[in-house]
Amino acid sequence: MPLHLARRKAKAQRATATPPPPLEPPDPLADLRARRGWVDCILRLELWRVLVRIRWPHGPRCPHCGEKDPQYLELIDPTYRDGLGRWQCRVCAEAGDPGEGGTFTPLTGTILDGMRVDIRTFWLIVEGFVEGKASVETAEEARVNRHTSDRLFRLLRAAIYQTRSTEPIALGPEDVVEGDEVYITAGLKGQAGGQVLDRPPRRRGLKRRGRGTWDSDKVPVFGLLRRDGEVRLFVLRNVQTETILPIVKQMVRQGARVYTDNYSIYHFLSQEGYQHATVNHNAGEYARGEVHCNTMECTWSWLRQMVRTYRGISKVYLPLYVAQFEFFYNRRHKNTWNRTLDLLAVVLQVDGKALQECVEGRHLAKVCPVAG
């Protein structure tokens, strides 16, 4: 082949050939991408400071004697655990009270007392709890054993349950309350609550006819919701008039408007001084003007979705999960960070030692007895 034709052919081949891929520049954020998110970008000292401010919004306080005068409280080790700090109470030290010579940390006496996980890992686990993730998924993201996240989840739920609000949600005729009940399929799982089953494995089979009860493993949950307000949820053994009457009287003041379906257990409301109206679901009526309980029924759909996340909840622990749902539902308009702050502000004020003993001794069911 002539030289000029060979050159022309080589030029054409170069023009049609696929160019080699360009070399990728090094990722300047590679070290950050290998981390666990925002928490690894913040100093441990700053994370501890946030937790300390939540625990002591008005300054340090001795958990042993209650002393809060700064002249009797001394920060003896500011570098303890990368910024958590250790204090000494001179009152306790001079009196010889327990507490390692009157020393304490912001975690002493809380559900986090004795916590060994890193502060960054702790924040990741709490964030997973606030976002409604399962403990296994949270453990994978935080790179800890699933038993670590599961234990903290149980402590958080128990603390929420103990601090749930008992204030009424409706105070007068201007308030509209919806009432309804739902049935959650939940039985006894293994030895939940320290209970020995003493029976062969259950075969649930076909659903039993009639309303659900605790004994039939269709656990009733009764709810009261004030429109544009908060919700109160209660796990019961049954839904009878005598069971829900004290709940309604505690949560709703007389004179308020209460809307329900036409289930007979609600017929007492008119006799007790409430403005009661119903919708007949059996006749296909779900709303009549402002009379409906659709908001409450929508809430049940969110509750069922939350329960499905945790796969097979024992009915012994169901009140804890319902309390968790209620807590975050009442803060649904807040972002994740503010809900996290609200959660920590609540759980850091309960008797942590008692809850830890319940969790370690598998007696958590004593924290959440079921009425009915």
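The values are calculated or read from the model by the stated rules, or taken from the named source; none is laboratory data. Since we're looking at a predicted model, the values are computed, not measured. Every residue, glycine among them, receives a Cβ derived from its backbone with ideal geometry; neighbour counts consider all protein chains shown.
Taking GLN305 and the conditions (1) more than 14 Å from PHE153 (Cβ to Cβ); (2) in a helix (DSSP H, G or I); (3) touching a helix residue (DSSP H, G or I) at 6+ places or on another chain (Cβ under 9 Å); (4) at pLDDT below 95, which numbered condition does it fall short on, given that it satisfies the others?
(3)
What about ASN338, is it among the polar types (S, T, N, Q) and more than 29 Å from THR185 (Cα to Cα)?
yes
Based on what the data block shows, is SER301 surrounded by 14 or more Cβ atoms within 10 Å (Cβ to Cβ) and over 24 Å from LEU47 (Cβ atoms)?
No.
For segment 308-339, which residues satisfy the criterion of being closer than 20 Å to ASP215 by Cβ and part of a loop (DSSP other than H, G, I, E, B)?
Result: GLY312, ILE313, SER314, LYS315, VAL316, TYR317.
Go over the candidates ASP150, ASP118, ASP180 one by one and state the one that is buried (at least 20 other Cβ atoms within 10 Å of the Cβ) and not small (Gly, Ala, Ser).
Residue meeting the stated conditions: ASP180.
With the condition being modelled with pLDDT of 90 or more and buried (at least 18 other Cβ atoms within 10 Å of the Cβ), I'd like the helices (runs of 4 or more DSSP H) fully within segment 21-109 carrying at least 2 qualifying residues.
Here the list reads 44-55.
Restricting to segment 227-259, give me the number of residues that are within 20 Å of THR213 (Cα to Cα) and among the polar types (S, T, N, Q).
The total comes to 4.
Among the candidates ILE184, ILE160, single out the residue that is modelled with pLDDT of 65 or more and either closer than 30 Å to TRP123 by Cα or in a helix (DSSP H, G or I) (or both).
ILE160
Considering each of GLU131, GLU127, GLU141 in turn, give the residue that is touching a residue at least 40 places away in the same chain (Cβ under 8 Å), crowded, with 20+ Cβ neighbours inside 10 Å and farther than 30 Å from LYS249 by Cβ.
Only one candidate passes the filter, namely GLU127.
If a residue has to be more than 13 Å from THR340 (Cβ to Cβ), acidic (Asp, Glu) and in a helix (DSSP H, G or I) to count, how many in segment 110-138 make the cut?
Counting residues in segment 110-138 that are more than 13 Å from THR340 (Cβ to Cβ), acidic (Asp, Glu) and in a helix (DSSP H, G or I) gives 1.
In the list ARG308, ARG288, ARG227, ARG304, which residue meets the criterion of being without any contact (Cβ under 8 Å) to a residue 12 or more places away in the chain and within 23 Å of the chain's Cα centre (by Cα)?
Only one candidate passes the filter, namely ARG308.
Sort out which residues of segment 241-278 are part of a strand (DSSP E or B) and in contact with a His (Cβ under 6 Å, 6 or more places away or on another chain), and write them in order of number.
Within segment 241-278, VAL258, ASP261 qualify.
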